[in-house]
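Everything on this sheet refers to the single structure shown next.
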Amino acid sequence: MTKKGIVWFKTDLRLHDNETLIRAIEENDAIIPVYCFDTQEFKIVNEKNQNNGAFRLKFLFESITDLDQNLRKIGSGLIFLMGNPLVEIPKIAFNYNARKVYAKREVAIFEKQLDIKMEAELWKHKCFFEPFSTSTLYHATDLPFALKDIPDVFTTFRKRTEKETKIRDVFEKPKRIVSPTIPALKLPTFFELGLTENISDERGVLPFYGGENKALERLNYYLFDSHLIKKYKETRNGLLGGDYSSKLSPWLANGCVSARKIYAEVKKFEAEFGANDSTYWLIFELIWRDYFRFIFKKHQHKLFTFNGISNQNKAVPKVDAQKIVNWKMGKTGVDFVDANMNELRLTGFMSNRGRQNVASYFIHELNQDWRIGARYFEEQLIDYDASSNWGNWAYLAGVGNDPRSGRQFNIEKQAKEYDATNAYQNLWLKAKV
Ligand SMILES: Cc1cc2nc3c(=O)[nH]c(=O)nc-3n(C[C@H](O)[C@H](O)[C@H](O)COP(=O)(O)OP(=O)(O)OC[C@H]3O[C@@H](n4cnc5c(N)ncnc54)[C@H](O)[C@@H]3O)c2cc1C
């Protein structure tokens, strides 16, 4: 009897360095690759917030289309399912008589619970479920600490991990996949989903386009074509244009490129052109990304609560709806905040410097519940990633993994330092907002 396995793609929309896919191919005679679009997730967001989520969705659909095309080149294709994964995935497993479902292991609480329920649901059809950790630089099981002992201070985590843990090699992309005939991919239109497709404002840092091919192109550009990585540490706090930082985050968030692949390419670059503080710093930032994921794994739902993982017992501040709308619409009257919020609203992206400032302003000057700000970022950002987003917000609110109590930025000083000529503010405060 033919052994069949379902590969359930989630935020790992790539063929390279995808252990889930590799193991499924090794263990089966035929593979059925699927993606399940959970309408509920986008509906919740959009009922409350009109057209938010449209930039993120566009990038996601581009990534799914690219994955389907890449799969077809090696003999397979992607089945697009829509609905509740707990219903759709077991249904397809049953229809294809699959013996096992392979998927990326999750860290955030909601997704983790879904995995647990999925395992139980599949088992009713005598089908196994096996998740694989594929999103981090350091493999979770290679860390020098047990999950419960992961330090709540980043530097402690980084120093020991860098010293004691080897980063695993990248898995090559499969050359061939045997699959039953997979019908042509058909994605729902924005209209069908109750959304209007947003055209990203041409003032944006990059015309971001989803998918593994574009991710690898961007990585190659940032390292080997332009050598921009050599100056990364000095330029990474920039605000304007495509070159001040890697801009890999939207592709990383959708799993179009793996953190290990970036690491491997940086090492290749260093071997050829030399290492410096900047080449290391890109890895350093990827360790931050890892760290937020492991902290999430350790503290679970706590990072979604107002007092986070701190021992504080502060009361949730009163909601001021007008202040929140002004912040979202770039109408606070503070130019640096407004310019950044316009960029986010009109493109789905904002620099790291901008994110820190607008979040600090929301938390410490508007005195609003940081989780409302985090939720807005979740809807808007094309690079939305639960751990990085909620982890950074909690950190700035002083309830995350930081020994200091809250990080308040002096916005005026920051604007003078990072936008000395007002070029950024002038760009994003112009009409058309
Ligand atoms: C309030 C707030 C919310 C954020 N929300 C997200 C989010 O939802 N998704 C997201 O990917 N990043 C988030 N970040 C982190 C950071 O701002 C973005 O990763 C970065 O701006 C993306 O641009 P880049 O790819 O050019 O980054 P680079 O500077 O080129 O960095 C390379 C990679 O390192 C990782 N990285 C860099 N800085 C951080 C950081 N502070 N925390 C975690 N990872 C980091 C990212 O994966 C990034 O792509 C947030 C930061 C703040 C302050």
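For residue 348, no residue 5 or more places off, or on another chain, has a built amide H under 5 Å of its own. The P(r) of the range 151-250 has a tail past 15 Å containing 79 percent of all C-alpha pairs.
Here the chain is assigned +1 on the Cβ of each Lys and Arg and -1 on the Cβ of each Asp and Glu. Its dipole about the Cα centre then comes out at about 580 debye. In degrees from 0 to 90, rounded to the nearest 10, what is the angle of the helix 154-164 Cα long axis to the longest principal axis of the chain? Taking the Cα atoms of the chain, the angle to 154-164 is about 40 degrees. Ranked from largest, the principal axis spans of the Cα set of the range 208-303 equal 42, 29, 27 Å.
Residue 340 sits among other residues whose Cβ lies under 11 Å from its own Cβ, and their net charge, with Lys and Arg +1 and Asp and Glu -1, is -1. Annotation: residue 248 carries an accessible surface of approximately 0 Å², with a 1.4 Å probe and no ligand, DNA or RNA atoms counted.
A cut-off of 5 Å between modelled amide H atoms, ignoring neighbours fewer than 5 places along the same chain, links residue 79 with 34, 35. The heavy atoms of residue 251 present about 10 square angstrom of accessible area, all protein chains included, probe 1.4 Å. When the alpha carbon gyration tensor of the chain is reduced to an equivalent ellipsoid, the three semi-axes, largest first, read 35, 25, 23 Å. Look at where the Cα atoms of the range 15-40 and of the range 151-165 average out, and the two centres are 32 Å apart.
Axis angle, to the nearest 10 degrees, between helix 277-299 and the longest C-alpha principal axis of the chain: 70 degrees.
Counting heavy atoms of the protein chains alone, residue 301 has an accessible area of about 110 Å² for a 1.4 Å probe.
When all protein chains stay in place and ligands, DNA and RNA are ignored, the 1.4 Å accessible-area order of 11, 20, largest first, is 11, 20. In straight-distance terms, cross-link reach from residue 3 covers every one of the lysines whose alpha-carbon lies under 21 Å from its own, apart from those fewer than eight places away in the same chain; here that gives 91, 100, 104, 124, 126, 175. Reducing the range 77-119 and the range 318-395 to their Cα centroids gives an inter-centroid distance of 33 Å.
Accessible area per residue for the chain, computed on protein heavy atoms with a 1.4 Å probe, is 45 Å².
For the chain, the 222 nm mean residue ellipticity estimated from helices alone, with every DSSP H stretch of n ≥ 4 adding -39500 (n - 2.57) and the total spread over all residues, rounds to -14000 deg cm²/dmol. Taking the protein heavy atoms of the chain in the context of the full set of protein chains, the accessible area attributed to carbon and sulfur is 52 percent at 1.4 Å.
In the elastic network of the chain, a GNM with C-alpha springs shorter than 10 Å, the most mobile of 389, 422, 401 is 422. Computed over the range 1-134, the range of Cα coordinates on each principal axis works out to 50, 34, 26 Å, biggest value leading.
Computed over the alpha carbons of the range 305-429, Rg followed by Dmax gives 13.9, 42 Å. What the phi angles of the range 366-382 give under the Karplus curve with 6.51, -1.76 and 1.60, with θ = phi - 60°, is a coupling list of 7, 6, 9, 4, 4, 6, 5, x, 4, 5, 5, 4, 4, 6, 8, 6, 6 Hz, glycine and proline written as x.
Pairs of Lys residues in the range 305-429, spaced 8 or more positions apart or belonging to different chains, with C-alpha separations under 21 angstrom: 6 in total.
Mean projected area of the convex hull spanned by the Cα atoms of the range 342-411, taken over all viewing directions: 4.4 nm².
Here is the list for the range 177-271: GluC sites (Glu not before Pro) lying in DSSP coil, each with at most 16 other C-beta atoms within 10 angstrom of its C-beta, are 192, 197, 202. Could you compute the FRET efficiency for residue 426 and residue 119, with r as their C-beta to C-beta distance and R0 at 45 Å, rounded to 0.05? Given R0 = 45 Å and the Cβ-Cβ separation, E is 0.25.
The values are calculated or read from the model by the stated rules, or taken from the named source; none is laboratory data. Computed from a predicted structure; not experimentally measured. Neighbour counts are summed over all protein chains in view; Cβ atoms, including those assigned to glycine, are modelled from backbone coordinates with ideal geometry. Side chains are part of the model used for accessible areas, which takes the heavy atoms of the whole protein and leaves out ligands, DNA and RNA. Shrake-Rupley method; radii C 1.70, N 1.55, O 1.52, S 1.80 Å.
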